Structure formats: C-alpha cells, structure tokens
1. Please grab the % of Cα pairs in the stretch A:211-299 that end up more than 18 Å from each other.
2. Using label points projected 7 Å from each Cα along Cα→Cβ, tell me how many nm separate A:L374 and B:V11, to one decimal.
3. Mind checking the full-extension length gain between A:V156 and A:T268? Use 0.36 nm per residue of separation minus the Cα-Cα distance, one decimal, nm.
4. Is the shape of chain B best called rounded, prolate or oblate, per the rule: a/c under 1.5 gives rounded, else a/b larger than b/c gives prolate, else oblate, with a ≥ b ≥ c the square roots of the Cα gyration tensor eigenvalues?
5. Rolling a 1.4 angstrom probe over the protein chains, ignoring ligands and nucleic acids, what is the accessible area of A:L40 in square angstrom, nearest 10?
6. Determine the per residue accessible area of the stretch A:308-451 with all protein chains present and a 1.4 angstrom probe, expressed in square angstrom.
7. For labels at A:F341 and A:E61 in the simple 7 Å Cα→Cβ model, what's the distance in nm?
8. When N counts the residues of the protein assembly as shown, how does its alpha-carbon radius of gyration compare numerically with 2.2 N^0.38 Å, as a ratio?
Amino acid sequence: MSAVAYSERLPVRARSQRWAPALVGLLSLLLIAATLEIVLDGALGHSPLVPPSPDIAGWLEGIGERLGYRVFLIALLVSVGAYAGLVALSGRSSGESAGAAVMPWRWAIALVAALQLIVFAGPVLLSTDVFSYLAYARMGVEHGLNPYTHGPVAIVGDPVFKYVGKDWIHVATAYGPLYTLLSYPLAPLGLVGALWAMKLEALLASAGTLALIWRCACTRGLDPARAILIVGANPLYVIYGLGGAHNDLIMMLAMMAAVSLTIAPAPTRGREATAAATVVAGALIKATVAVLLPFMIVSRRRLGPIVGALAAIALGALVGYVAFGIHGIDVVAALNRDAAFVSTDSFATEIAHLVGKPGVFPIDHDLLKAALVLVILHLLWRTWRGYDWVAASGWALLAISVTSTWLLAWYILWPLPLAVVTRDRRLLVATLVVQALFVIHQISPLLAPVE
Amino acid sequence: MSDASLPIEQVRWQWLPPWLRPRTVEHKGTGSMRLVETTLLVLAAVLLAVATVNDVGRSVSVNHRLVADLRTWRHYTGHDYHNISIDQQTFGLDSQREVLCANTSPGPPEARTQICLAIWGPVVKGRRTVHGGWYLPPRSVDLPANRYGCFGPGAAGICRR
C-alpha cells in the first residue's frame, strides 16, 4: 500500500472509531429492548412459547401482549443481530488510546447484569424442564418416591404434576444424584417458592460462571469483559438457558470452577485433584461434563487429577447409592435412554431430511456415535501432543451437541464458556455458527405463519 | 539435549518414540494439521448450513399445508374450533396426507364425539380436499378400534367397527 493511500484511510478509520461507542450503545439498547419484549409479552401467559406455570410473573402483566411466534422470532432475530454486532465491536480498540476498548468493561458488566435480571424477573420461558426438576424433588421429599425409578406420573395428585411436559410424565430423572439432592431442600417451599428458588439457583449459577470466566480470561491474558459479554449477553444463554432455569447452568458453573483451578498460574497437585473432583461433581449434576475429565488427565499426566476423580466418583457413588439405590448411580442406563431420543431441531434430523429420509434410524445413531468417538480420540491425541485441553474439551462438547439426535438450545451453550477462555478462535467461531444455524432453524413460523 | 537436562515430566516418557511422546506445549510444525482440521470444519459447517436451510424450506412447506388443513376442517364442519389435532402418521409421514380430529360440539378437547377428516391434495384457495372421514367416541384416541361411521373413499379400510 502506498503512503498516500494509507494516509487517506486514516481519517476513515478515525471516523468509524468515533461512532463505534454510539453503535455499542444502540446495539445494547436493542438487545435489552428485545429481551424485555419477550419477557413482558411472556408474562401474560397463554402462549405456546411460555409453558403453563404458577403465576410468578403476574406483576408484569398488562404491559405486554400475548407472546406469539412472530413477535418472539422477530425479537430473537433482533437479539441475535445486536449480539453479533456487539461481539464484533468488542474485539476492536477505540483508537483514542492504545488498548482502550470500544466497550468499557463497566458497560459490558452492566449490560450482562441487566439482561440476566430482566429474564430472572419474568416467567419461565420455552421449556417445562424446571417443572420436571421440581416434580422429581417433590417425589422424593413429599411423597417418599425414588425419582430414579418413577416418572412424575406417580404423583398425579401433586400440584406440580399438571405443569410437567406431557412427554416427560412417564420418564424417571436422568440428572445426577448430586443435582437431585440439591433440589430436595426446595421441595418444601411450595410450588411458587420452589420455582423462584430454581430461578434464583440458575441466576446465581450464571453469575458464578461469568465470574469464573472473567478470572480465567485474566489468567490467560484475554479480554475478560469481552469474554463475559460473549457468554452473558448470548441470546440463547439468556432467553433459553436462564429463561428456562435449566440446570445446565449449574453444570457449567462446576465446569468453569474446574477449569479455573487448573489454569491458575501455578496449579498444585491438590488443586488439580480438586479440579478433577469438581468435574465429577458437575457430572453428578448432569453427566455431559464428564467429557472434560480425560482431557484434563491427558493434559496433566500426573496422579493428582486421577486420584481426585476416583475419590469423587467413589464418594458420589456411595452417596447416590445410599440415597437412591442402584438406579441412582446407573448413569449409563440414563445416558443410553436419552441418546435414543430424537428432536426435530437436531442436525442429525436435518441431514436425514436432506438425504430424503423421514427421520433418524437406529443405524444413524451408531454412525453418529462412531463419528463422535473418532473426534474425541483425535482431540485426545492433540491434547497429548500439547494442544490446550480446555479448547479440546470445548470441541468435544460441541461435537456432542452436533452429533446428538436430541438437540435443545441450551445444549449448544455448553462449549461457549470454554470457547471464550481459549486462544483457538476457531472454537468460538464454530460454536457461534452452530448457534446461528439453530436460530435459523427456528424461523419457519415467520415465513409460513402457524396458528 | 541430554536426559539430565530434561524436566522430570519429559524424562518419564523418554522410552516412547519421539512422535508418541507427550508435549507440554504444542509444536507449531508446518500447520498442515491445522489446515486439515479447518478444512474439515468448513466442510462440516457447509453441510450443516445446507441441511438447516433445506429443513427450513421443508418446515415452511409443511406449515403452509397444515394451515390449509385446519381451514379445511373448519370449513367442512362449520365449527370454528381451535383445538384440532393433526395426525401425520396414519397415512405415512411422507404421504402429505393428514388426519384432523376435533369435537363435533363445544367442549374441552376430546370430551365430545369427535369427527376426523382425511385430507390430502394440493392447496387451492387456502384449502385442501377432504377424501373421507370417521367418528370417534368421547375421550378416545384415534385408533382403528375406536373408529366408526366411516365415510368417503379416503376412509376405505380405516374403520374396524
């Protein structure tokens, strides 16, 4: 480039840097407005997007209108567009002073906090899962039933039963014994109290995850404000994850606690053992996070993580067995059962349709499992040869969600906290692309309205 | 470099051939591994994107058809009901032939005698053609044993009682 051309481009760049903060402000407002629209309209209930629920958001009624597919999808697309703009802008410096970010860290924290609080204050969105969690807790505490051997249909007379998704009324819990035991103290709070407690649990887990992401990003020399913005302002994380009060948020808290322990400047053997035990604790909440363990062990190549993991598995198995019997620790049976489910949003179903098949067949399950095993073996080999184990774990979680025949929005959140604390930018791009494709797959009601 | 100068961690793995030994930091090399991985990732992304767009088109087409089916049921029965169940399994998922059932008189879903219509064919003026139908007793699901009063060629062989 000639000196003249370079000097002509400078004012253009300076101009773009001047309006960047204003654009950040506008996009932040759009993101907040779109989230508010969903929450306020959802508070009115009577929407296919808001599951029937005890009246917890009645104080917000009267501001919005009934939430229909059209408004929801437009708000979701606006959120995604604003989020994409913010992520792109957050990677740039303002140019006024070296290293000064377009989005100040205080602004990023305020935006993320505002989004989380808006969703916390509103109704349960887009999923009945939280009522299943409550049903399992009430089965154990109020009815003396084992949630690992009975579905919610065993408590037909309980007030929570009518809110459980009809697909799940015969299904025993697939969650880990630690999560089930954590949910037991909420059962005596009554339905409304327990529901608020579940929402608070999800909010606190999210806050904890974001705090750990900040810490990990700082330790690794990455921009912590950008990292928490990418996770905490993510529309799928906010609307689907936090909006549904999913226990995936608690699992991700355990995941980030383990990562934080291992990437400390000087991890000791004790810290590494604790990190591995924390992964096991996360798996006793939701089994998926167990995939981190082999990567951590292969990366560390020391006894600490193995001892920590074995001790935690032994303790977890003992507690699970004492509390729930053999079914409480039969993780393999629960995983096998769930692996057979098929959702219309899964990429496996989409590819089946693409090749002219009506859906996923048993042979496809086997092929997908084989593909997943190959990916994980390759990642383990790469980790053995020095690749960042945190990034490898993120890829493994992404591969699990992409190859799963039962894909839900909150499953494609799993790799996101890991993607923002690694230097392999491909993981973040791949995770966001998969999320974008998931959102695109939702838009058909916009193109051909449904009733 | 002699073994004595290696960290203990690396000495432990000296018995392995060099290409199998673990590394603390990744060897950059020529970047061919990264290139292969990135190429595979791009190809996978293209496949997923094509499958997603194809599925959106398919869903739009199905939604268009189902909206026409609901209109057809309401027009045929003269009832402006909203709790109408749609079954795509009876004639096969890929047949584009649907069965729509709902009450014959006002009441909660499935609480009254239900009328089911077998609907297929192209969408014309927002509706499709009714090729037959049957009735179901109150509080019963659409199973062959429950069907009675079949009418039209579309219901041939459908009723069992």
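The values are calculated or read from the model by the stated rules, or taken from the named source; none is laboratory data. Remember, it's a predicted structure, so these values are computed and weren't measured experimentally. Backbone-built Cβ (ideal geometry, glycine too); neighbour counts: all protein chains shown. When the accessible area is computed, the model is the full protein with side chains, heavy atoms only, and any ligands, DNA or RNA have been set aside. Shrake-Rupley method; radii C 1.70, N 1.55, O 1.52, S 1.80 Å.
1. Numbers: 1926 of 3916 pairs.
When every Cα pair of the stretch A:211-299 is considered, 49 percent fall beyond 18 Å.
2. Spacing of the two 7 Å Cα→Cβ label points: 4.2 nm.
3. Working: separation 112, 0.36 × 112 = 40.32 nm, distance 5.11 nm.
Extra length available between A:V156 and A:T268 comes to 35.2 nm.
4. Working: a/c = 4.70, a/b = 3.28, b/c = 1.43.
Prolate, since a/c reaches 1.5 and a/b exceeds b/c.
5. 40 Å²
6. Values: 6100 Å² over 144 residues.
Spelled out: the 1.4 Å probe surface of the stretch A:308-451, per residue, equals 42 Å².
7. Result for the modelled spin labels: 3.1 nm.
8. Values: Rg = 27.1 Å, N = 612, 2.2 N^0.38 = 25.2 Å.
It is 1.07.
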